[in-house]
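Chemist: Before we start, here is the structure in question, set down as structure tokens.
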Amino acid sequence: MTTRIWFTADDLARTRIAAPDPFAETLLSLVPLRGGPHPEWRRRVCPQLSRPLRLLAGMHPRPGLLLDLESVAGPVRTLDEGLDALLGAGRTVWDAEIESFAQANGTVPPGLRPLLPAAGRAPRELASAVRAYHDVAVGPYWRRLREHLETQRERAGRLVRDGGVEGLFTGLDVPGLRWRPPVLEVRDAGNRPDRDVQPGGRGLLVRPTAFIAHAQHSRDLSGRRPDLLIYPAPPPAPAGAFWATPGDRALAGLLGATRARVLAAAAGGASSGELARRAGTAPSSASEHARALRAAGLLRTERHGGAVRHDLTDLGLRLLDRDGA
């Protein structure tokens with residue numbers, strides 16, 4: 001699919017570079033879950049995803065197609081703002097994006113449908129799932145992701161200073177992006193029909209992202225805000241160090257590598273089986289390390305009938321610094 005964005009002088013003057021956005025990065029990180037870039041990130045994240053969180057992968061059923069929740073929410077600065085915007089979005093906006101997604105895919109994946117708004121019901125389960133997914137897939141890495149994307153934003157700013165917005169479009173050297181004045185062509189792998197877009201004097205928000213391989217255009221469904229152009233930032237290097245969590249680096253020397261992984265695996269709560277799977281170790285080994293961490297005051301374990309649930313204590317949470325702040 002090719003999107004042709006027709007710029008006027010007002011659009012060029014009002015185009016600006018957006019700051020990194022944890023809500024957007026969380027949504028876009030669904031793209032490489034199925035393969036492609038960032039295998040090191042995928043190796044760390046996928047074992048931690050529960051079945052309800054895996055249903056979010058239905059938002060990206062195949063290459064080039066993504067349920068565009070950014071279009072629904074509009075520009076935001078934080079995860080909370082994005083989730084609040086999803087909950088407050090009007091039914092007309094939701095229906096437009098869901099209909100476009102369903103037409104391109106042939107249907108809405110059955111596992112995804114219960115999470116979407118229906119009959120006046122706000123998508124609270126979807127918002128909760130996105131938050132929980134963020135806590136696993138993006139939150140632990142957000143500090144380094146933000147720094148990496150800010151570096152790319154500064155580079156884009158230099159291109160604008162040196163050659164204006166047209167210099168930005170020609171200087172990014174991004175697959176699928178071509179500037180043919182006054183038209184910016186954005187090509188992706190989707191099979192939606194080609195389209196022509198006029199920003200209407202609102203310009204364009206341009207933002208680098210870590211999780212896609214080709215430029216994408218995100219339409220503002222409200223008709224009041226600028227559209228969004230997302231383009232891939234160069235991959236961070238070295239990947240192993242970039243995607244390492246604080247527990248991988250700092251705690252491994254203090255606790256040992258396996259025990260540090262068990263501690264990190266308990267973030268957000270985990271059953272004994274989940275603890276072992278996330279940490280990549282045998283259940284007996286995970287239980288042994290959990291006992292040691294519990295004795296040190298870093299882990300607490302609660303029993304509900306026959307079920308066992310492990311979680312971090314306040315001390316364990318501070319030591320792990322799981323939020324990457």
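The values are calculated or read from the model by the stated rules, or taken from the named source; none is laboratory data. In this text, all values refer to a predicted model and were calculated from it rather than measured experimentally. Every residue, glycine among them, receives a Cβ derived from its backbone with ideal geometry; neighbour counts consider all protein chains shown. These area figures cover heavy atoms from the full protein model, side chains too; ligands, DNA and RNA do not enter into them. Shrake-Rupley method; radii C 1.70, N 1.55, O 1.52, S 1.80 Å.
Chemist: Just the residues that are in contact with a strand residue (DSSP E or B) (Cβ under 7 Å, 6 or more places away or on another chain), surrounded by fewer than 16 Cβ atoms within 10 Å (Cβ to Cβ) and outside any loop (DSSP other than H, G, I, E, B), please, taken from segment 253-272.
Modeler: Residue satisfying the conditions is 271 alone.
Chemist: State the number of residues belonging to segment 273-306 that are touching a residue at least 24 places away in the same chain (Cβ under 8 Å), touching a strand residue (DSSP E or B) at 6+ places or on another chain (Cβ under 7 Å) and open to solvent by 50 Å² or more (accessible area, probe 1.4 Å).
Modeler: Total meeting the criteria: 0.
Chemist: Here's another thing I want to ask about it. Which residues, counting only those in segment 273-325, are modelled with pLDDT under 80 and in a strand (DSSP E or B)?
Modeler: 304
Chemist: If I filter segment 132-141 for residues that are among the aromatic types (Phe, Trp, Tyr) and over 26 Å from residue 1 (Cα atoms), do I get at least one hit?
Modeler: yes
Chemist: Name the single residue that is farthest from residue 42 (Cα to Cα) among those in segment 116-133 being open to solvent by 20 Å² or more (accessible area, probe 1.4 Å) and modelled with pLDDT of 90 or more.
Modeler: 124
Chemist: So, one more: Across segment 92-115, what is the number of residues that are open to solvent by 80 Å² or more (accessible area, probe 1.4 Å) and in contact with a strand residue (DSSP E or B) (Cβ under 7 Å, 6 or more places away or on another chain)?
Modeler: Total satisfying the criteria: 0.
Chemist: Looking at segment 64-76, is at least one residue surrounded by fewer than 20 Cβ atoms within 10 Å (Cβ to Cβ), closer than 27 Å to residue 226 by Cα and free of Cβ contacts under 8 Å to residues at least 60 places away in the same chain?
Modeler: yes
Chemist: Which number in (1) buried (at least 16 other Cβ atoms within 10 Å of the Cβ); (2) over 24 Å from residue 175 (Cβ atoms) marks the one condition that residue 30 misses?
Modeler: Unmet for residue 30, out of (1) buried (at least 16 other Cβ atoms within 10 Å of the Cβ); (2) over 24 Å from residue 175 (Cβ atoms): (2).
Chemist: Is it fair to say residue 25 is in contact with a Leu (Cβ under 7 Å, 6 or more places away or on another chain), of a type in the set (Asp, Glu) and at pLDDT 90 or above?
Modeler: Considered against the rule, which asks whether it is in contact with a Leu (Cβ under 7 Å, 6 or more places away or on another chain), of a type in the set (Asp, Glu) and at pLDDT 90 or above, residue 25 comes out as yes.
Chemist: Sticking with this one: Of all the residues that make up segment 177-222, how many are assigned to a loop (DSSP other than H, G, I, E, B), within 18 Å of residue 11 (Cα to Cα) and either open to solvent by 50 Å² or more (accessible area, probe 1.4 Å) or modelled with pLDDT under 90 (or both)?
Modeler: Total satisfying the criteria: 9.
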